[in-house]
Amino acid sequence: MGNTLAHEASAFINFRDYKWRDSRAHGFSWVDVKHLRLPPESVGDRELLAALIGHEQFRDDYAGGGVLPEGLRHGPYWLRLVTPDVYEAISREKSAEILRDWMDLFEEMPAELEADLHREVFNRLTAADHIYYLSGLGDEAIHDWGRVHEYFHEFVLIDRSAGRITLLVAADD
């Protein structure tokens, strides 16, 4: 297939940008959303996951460095150990449950944050044809400073009707 995914747009929701009752209640948490346009030819989900892993936008350590075209890390993991096989197909309900459980760690969220998360995250989960969750990576996959994240949740949403694959990361730093 080659890598014919095209980066379309990104959104970054930084919890500290919202007004909390307690100024540190946000827990230095955030959600990063990257949208890529699907290739014109029809390919299977595993091929799309492989293309996403091979894409430059995937080379992000999510620790302030941003996308590094020659990067060796993906979030807390060594990039070389992230393969399509470590993604588990999960339901919309299960993905929403994982995110809600993570969000429940915080005090009552500001209404504006809830609205932004609904628009950028939960609406996209609902629209996705298939959802994959990054799992199956053990401690040996964590890179030299990968434990900077206390929580790291990664989802890949495939929405064929919109012609889009979305990389969604919910984490902290």
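Checked across the stretch 85-94, the condition of being open to solvent by less than 20 Å² (accessible area, probe 1.4 Å) and on the phi > 0 side of the Ramachandran plot holds for no residue. In the condition set (1) acidic (D, E); (2) at pLDDT below 95; (3) open to solvent by less than 30 Å² (accessible area, probe 1.4 Å), E41 is compliant with all but (3). Reported count of residues in the stretch 44-83, each being loosely packed, with under 14 Cβ neighbours inside 10 Å and within 13 Å of the chain's Cα centre (by Cα), is 0.
Close contacts from the stretch 9-21, counting a first residue that is under 22 Å from E107 (Cβ atoms) and a second that is open to solvent by 40 Å² or more (accessible area, probe 1.4 Å), with Cβ to Cβ under 6 Å and a gap of 6+ residues or different chains, come to Y18/E112.
Are any residues in the stretch 160-173 open to solvent by 20 Å² or more (accessible area, probe 1.4 Å) and in contact with a strand residue (DSSP E or B) (Cβ under 7 Å, 6 or more places away or on another chain), and if so, which ones?
Our first condition is that a residue be open to solvent by 20 Å² or more (accessible area, probe 1.4 Å); within the stretch 160-173, this holds for 160-162, 164, 173.
The one that is open to solvent by 20 Å² or more (accessible area, probe 1.4 Å) and in contact with a strand residue (DSSP E or B) (Cβ under 7 Å, 6 or more places away or on another chain): R164.
Check whether at least one residue in the stretch 131-152 is of a type in the set (S, T, Y) and either assigned to a loop (DSSP other than H, G, I, E, B) or open to solvent by less than 10 Å² (accessible area, probe 1.4 Å) (or both), and report yes or no. Yes, the stretch 131-152 has at least one match.
The values are calculated or read from the model by the stated rules, or taken from the named source; none is laboratory data. From a predicted model like this one, the values you see are computed outputs, not experimental measurements. Cβ coordinates were reconstructed from backbone atoms using ideal geometry, including for glycine residues, and neighbour counts include every protein chain displayed. We work out accessible area using only protein heavy atoms, side chains counted, and drop any ligands, DNA or RNA first. Shrake-Rupley method; radii C 1.70, N 1.55, O 1.52, S 1.80 Å.
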